[in-house]
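Step one of this worksheet: look at the structure below.
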Amino acid sequence: MAQITPSGKSGDLKQEDNKKTSELVVCLGELLIDFVPTVGRVSLAEAPAFKKAPGGAPANVAVGISRLGGSSAFIGKVGKDEFGYMLSDILKQNFVDTSGVQFDSNARTALAFVTLRADGEREFLFFRNPSADMLLRESEIDKNLIQKAKIFHYGSISLIHEPCKSAHLAAMRIAKDSGCILSYDPNLRLALWPSAKAAHKGIMSVWDKADIIKINEEEITFLTGGDDPNDDNVVLKKLFHPNLKLLIVTEGSEGCRYYTKKFKGRVAGVKVNPIDTTGAGDAFVSGILYSISIASDQSIFQEEEELRKALRFANICGAITVTERGAIPALPNKEAVAQFMLEATTI
C-alpha cells in the first residue's frame, strides 16, 4: 500500500493492484512547466522567486487519475530539451503511460508563469512561440492507445493552432468510433487565443461531441455572452446538449453543480486553507473520471446518489490540491482522500 507523507501525498506510488479494477483514461493536450511564485497573493511582477512545477491541464488529469489508483495515458508533445525529458520522466514516475508522448527537436517545451493575486484574480504569462505541444501532428497520434481507452479526455488549448488542432480532432474521431466516453474541460485561457471571438468559436466547435463537460462560472459567463452563471435555465438552455451524459459546473470552495438528462443538483464543497489554486480543477476532473473509470457500468449517469458520492470525492481531490503549490506536485492519492474523508466525519 502507498505510504502517506506528512503532506498527504504518496511516498510510494506502487499502484498496480488498484489498476486491475480500473479502465484506461487517455488524456490529450499540453504538458508544460508552471512557474509559481514562492509566496502567495502577489502579481507575477511582484513575485520574489518562482517554484518550478510540472503542469498542463490534460497531463495534470492523467497524473491525478494514476495517483488515485486508476489507469491513465497521455498523448502530447514536448521539446527535445531538459524540461521535456523531465516532464516525461515525471509522468513515468507517476505510472502514466507515456507511449503517446512525442519529442520535437525544433521547438521548446512550453512554459507558463501563473499566480493568484491579492485581489483573487489569476494571472498567466505563457511562453509558446511556438512550443512543442502546438506541433503535434495527426500522424503522431497513437490510435491503438486511444482504442484501448474507456474515457478520452481533452481541453481546448490544443484546438488553437495547427497542426495540433487537426491531430486533436482526429483523436476525437478515433475515440468516438471506438466507443470511448468523451470528456471535455474547455479550460478557458483567453491570452492564448487570437481573440475572444476565436476562443468562443473554437471551444464551441466540439461542444456537442462530448459526453461529459466540466466548466466553471467564468466560462459560463463567457460562453453565454454574459448571462448569469448561477441560473440553471441558462445552463440547461444554452450549454446542455442532447448527447451529454453529464455537465458539471465547478464553484471553487463552494463545490459543484451537476446536470444530467434525468436530474440536477449541487454538492457542497469542503473547507481548507488554500495556498495555491493551480490544478484544483484538474484534480476535480481526475476525481470524477477516476470514479467513472472504475465503475462496472454507466449507472453513475442515471443514479443520482452514486453521482453525488463521486462528485464529493472529486471536490475533496480539488480541495487537497489547493493546500500545496503547483499542480502535479499537489495532486492527492486515494489514501490522502480517504484520510480527509475520515477526518471530516470525525470533526
Taking the stated definitions as given, is Ala319 in contact with a Pro (Cβ under 9 Å, 6 or more places away or on another chain), open to solvent by less than 40 Å² (accessible area, probe 1.4 Å) and hydrophobic (A, V, I, L, M, F, W, C)? yes
Report yes if Gly287 is at pLDDT 95 or above and open to solvent by less than 20 Å² (accessible area, probe 1.4 Å), otherwise no. yes
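Which residues, counting only those in the stretch 213-231, are surrounded by 14 or more Cβ atoms within 10 Å (Cβ to Cβ) and either aliphatic (A, V, I, L, M) or part of a helix (DSSP H, G or I) (or both)? Even if it seems obvious, please write down each step before you answer.
Within the stretch 213-231, the first condition is being surrounded by 14 or more Cβ atoms within 10 Å (Cβ to Cβ), and the residues that meet it are 213-217, 219-224, 227, 229.
Once the filter is applied, which keeps residues that are surrounded by 14 or more Cβ atoms within 10 Å (Cβ to Cβ) and either aliphatic (A, V, I, L, M) or part of a helix (DSSP H, G or I) (or both), the stretch 213-231 yields Ile213, Ile215, Glu217, Glu219, Ile220, Thr221, Phe222, Leu223.
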Give the residue, chosen from Ser299, Ser293, that is of a type in the set (S, T, N, Q) and at pLDDT 95 or above. Ser293
Residues in the stretch 187-210: is at least one of a type in the set (A, V, I, L, M, F, W, C), in contact with a Leu (Cβ under 7 Å, 6 or more places away or on another chain), under 22 Å from Glu251 (Cβ atoms) and not in a helix (DSSP H, G or I)? yes
Taking the stretch 109-129 only, how many residues are modelled with pLDDT of 95 or more and either surrounded by 19 or more Cβ atoms within 10 Å (Cβ to Cβ) or not in a strand (DSSP E or B) (or both)? 2
Given the criterion within 17 Å of the chain's Cα centre (by Cα) and at pLDDT 95 or above, identify the matching residue among Asp89, Asp133, Asp81, Asp104. Asp133
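Has the stretch 193-209 got at least one residue that is touching a residue at least 60 places away in the same chain (Cβ under 8 Å) and either within 17 Å of the chain's Cα centre (by Cα) or open to solvent by less than 60 Å² (accessible area, probe 1.4 Å) (or both)? Let's see the steps before the verdict.
Going through the stretch 193-209, the residues touching a residue at least 60 places away in the same chain (Cβ under 8 Å) turn out to be none.
No: the stretch 193-209 contains no residue that is touching a residue at least 60 places away in the same chain (Cβ under 8 Å) and either within 17 Å of the chain's Cα centre (by Cα) or open to solvent by less than 60 Å² (accessible area, probe 1.4 Å) (or both).
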Looking at the stretch 233-271, which of its residues are open to solvent by 50 Å² or more (accessible area, probe 1.4 Å) and more than 22 Å from the chain's Cα centre (by Cα)? Asn233, Leu236, Lys237, Lys238, Pro242, Lys261, Lys262, Lys264
Give me the residue from the stretch 24-42 that is assigned to a loop (DSSP other than H, G, I, E, B) and modelled with pLDDT of 95 or more and, out of that set, surrounded by the most Cβ atoms within 10 Å (Cβ to Cβ). Leu31
Which pairs have Cβ atoms under 8 Å, sit 6 or more apart or on different chains, and link a residue in the stretch 259-273 that is farther than 23 Å from Gln298 by Cα to one that is open to solvent by 40 Å² or more (accessible area, probe 1.4 Å) and in a loop (DSSP other than H, G, I, E, B)? Val272/Thr323; Asn273/Thr323
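Residue-by-condition table, conditions (1) within 14 Å of Ile215 (Cα to Cα); (2) touching a strand residue (DSSP E or B) at 6+ places or on another chain (Cβ under 8 Å):
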residue: Leu239; (1), (2): yes, yes
residue: Cys256; (1), (2): yes, yes
residue: Gly287; (1), (2): no, no
residue: Ile294; (1), (2): no, no
residue: Arg308; (1), (2): no, yes
residue: Ala327; (1), (2): no, yes
residue: Phe340; (1), (2): no, no
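The values are calculated or read from the model by the stated rules, or taken from the named source; none is laboratory data. Since the structure is predicted, the reported quantities are computational estimates derived from the model, not experimental observations. Cβ sites come from the backbone with ideal geometry, for glycine too, and all protein chains shown count toward neighbours. When the accessible area is computed, the model is the full protein with side chains, heavy atoms only, and any ligands, DNA or RNA have been set aside. Shrake-Rupley method; radii C 1.70, N 1.55, O 1.52, S 1.80 Å.
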